[in-house]
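What follows is a single structure, and I will ask about it in a moment.
The values are calculated or read from the model by the stated rules, or taken from the named source; none is laboratory data. Note that the structure is predicted; figures quoted are calculated from it, not measured. Note that each Cβ is placed from the backbone with ideal geometry, even for glycine, and that neighbours are counted across all protein chains shown.
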């Protein structure tokens, strides 16, 4: 009897210890860290990266708009007034707003090139990626639509493929860089702003965006159809930018903010009445800053 009772006490002790260990294990592995329990199939899944509204550095890629072309003098770049990385206080560029004016020179880079098209974007992004920037700004597409003729515009398929390839190459080198993508401006709106000015028409004859601006006063069916074709292509480019950007968790499209902005005479260069002047660059910086620092992307 003593042996049997002893054995029972041992069994009760072992069983009680096992329960205690199990409870302790459950307590350790199931402690509440504020994270909701994983749903079936979600265990081990990585959390989505969050958008940082205060990046520590900025790199810019794109075309003449980002280079400040014709904003300071005729037929010349003026990067100091660039909406993206400029140092001119009158513009208060995106980089200046995010980093502070004193930090622009050391923590921002402008790889945009006047005349660039989407086909040039992969090379520019490859250069920008070497800095591992916190934010990359992209503004490209105007020159894909601004061709000698409407029939020579970049196809939408090539435009989309070029952007996809550019983002892919950026991600291979700098996967954590955020990307802000500006919509392509409404080129027809720019035509409407300058077409009735004789001096502007003479400037446009020098070869500026002939697919849209050739024969600016022509109102025949052919000229109207040409302009509408160019505008429709810009709309298609913007949709391609939106869709490709939406597939990248760290890419934010501006929701058409630049395309929809009502650029007027005060915002345009008085050298060519097509590119943004200082005030236009400031408006672009303002639009970009609003989008980059927003808690949620534009709908």
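Here is a yes/no grid of residues against (1) in a helix (DSSP H, G or I); (2) free of Cβ contacts under 8 Å to residues at least 40 places away in the same chain:
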{"site": "56", "(1), (2)": "no, no"}
{"site": "65", "(1), (2)": "yes, no"}
{"site": "70", "(1), (2)": "no, no"}
{"site": "73", "(1), (2)": "no, no"}
{"site": "83", "(1), (2)": "no, no"}
{"site": "95", "(1), (2)": "yes, yes"}
{"site": "102", "(1), (2)": "yes, yes"}
{"site": "109", "(1), (2)": "no, no"}
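For residue 183, indicate whether it is more than 14 Å from the chain's Cα centre (by Cα) and modelled with pLDDT of 95 or more.
no
Residue check: is residue 143 within 19 Å of the chain's Cα centre (by Cα) and farther than 21 Å from residue 271 by Cα? Write out each step before concluding.
Details: within 19 Å of the chain's Cα centre (by Cα): yes; farther than 21 Å from residue 271 by Cα: no.
So residue 143 does not fit the description; no.
Can you give me the number of residues within the stretch 256-299 that are touching a strand residue (DSSP E or B) at 6+ places or on another chain (Cβ under 8 Å) and not in a helix (DSSP H, G or I)?
9
Is it the case that the stretch 233-243 has a residue that's under 26 Å from residue 99 (Cα atoms), in contact (Cβ under 8 Å) with a residue 24 or more places away in the chain, touching a strand residue (DSSP E or B) at 6+ places or on another chain (Cβ under 6 Å) and in a helix (DSSP H, G or I)?
For the stretch 233-243, residues under 26 Å from residue 99 (Cα atoms), in contact (Cβ under 8 Å) with a residue 24 or more places away in the chain, touching a strand residue (DSSP E or B) at 6+ places or on another chain (Cβ under 6 Å) and in a helix (DSSP H, G or I): absent.
A further question follows. For the structure I just gave you, tell me whether residue 89 is under 20 Å from residue 292 (Cβ atoms), at pLDDT 95 or above and over 17 Å from the mean Cα position of the chain (by Cα). Spell out how you get there, then give the answer.
Working: under 20 Å from residue 292 (Cβ atoms): yes; at pLDDT 95 or above: yes; over 17 Å from the mean Cα position of the chain (by Cα): yes.
Spelling it out, residue 89 is indeed under 20 Å from residue 292 (Cβ atoms), at pLDDT 95 or above and over 17 Å from the mean Cα position of the chain (by Cα).
While we're here: For the stretch 198-214, which residues satisfy the criterion of being part of a loop (DSSP other than H, G, I, E, B) and surrounded by fewer than 16 Cβ atoms within 10 Å (Cβ to Cβ)?
205, 206, 207, listed by residue number.
Right, here's the next one. When you look at residue 56, is it surrounded by fewer than 19 Cβ atoms within 10 Å (Cβ to Cβ), at pLDDT 95 or above and closer than 25 Å to residue 132 by Cβ, yes or no?
Against the criterion (surrounded by fewer than 19 Cβ atoms within 10 Å (Cβ to Cβ), at pLDDT 95 or above and closer than 25 Å to residue 132 by Cβ), residue 56 qualifies.
Sticking with this structure for a sec: Test of understanding: among 113, 136, which residue is over 25 Å from residue 226 (Cα atoms), outside any loop (DSSP other than H, G, I, E, B) and touching a residue at least 24 places away in the same chain (Cβ under 8 Å)?
Matching residue, one of 113, 136: 136.
Would you check which residues across the stretch 150-197 are touching a strand residue (DSSP E or B) at 6+ places or on another chain (Cβ under 9 Å), in a helix (DSSP H, G or I) and closer than 24 Å to residue 215 by Cα and list them? It would help to see each step written out before you state the result.
Taking the stretch 150-197 as the starting set, the residues that turn out to be touching a strand residue (DSSP E or B) at 6+ places or on another chain (Cβ under 9 Å) are 163, 166-167, 170, 174, 177-185, 190, 193-194.
The next check asks that each one be in a helix (DSSP H, G or I); those that pass are 163, 166-167, 170, 190, 193-194.
Those that are touching a strand residue (DSSP E or B) at 6+ places or on another chain (Cβ under 9 Å), in a helix (DSSP H, G or I) and closer than 24 Å to residue 215 by Cα: 190, 193, 194.
Then there's this: Which residue out of 71, 84 is buried (at least 24 other Cβ atoms within 10 Å of the Cβ), touching a helix residue (DSSP H, G or I) at 6+ places or on another chain (Cβ under 6 Å) and closer than 19 Å to residue 272 by Cα?
71
Output the residues belonging to the stretch 180-211 that are touching a residue at least 60 places away in the same chain (Cβ under 8 Å) and closer than 30 Å to residue 170 by Cβ.
180, 181, 182, 183, 184, 185, 186, 190, 209, 211
Here is a follow-up. So, residue 91, is that one in contact (Cβ under 8 Å) with a residue 24 or more places away in the chain and either surrounded by fewer than 24 Cβ atoms within 10 Å (Cβ to Cβ) or in contact with a strand residue (DSSP E or B) (Cβ under 8 Å, 6 or more places away or on another chain) (or both) or not?
Spelling it out, it is not the case that residue 91 is in contact (Cβ under 8 Å) with a residue 24 or more places away in the chain and either surrounded by fewer than 24 Cβ atoms within 10 Å (Cβ to Cβ) or in contact with a strand residue (DSSP E or B) (Cβ under 8 Å, 6 or more places away or on another chain) (or both).
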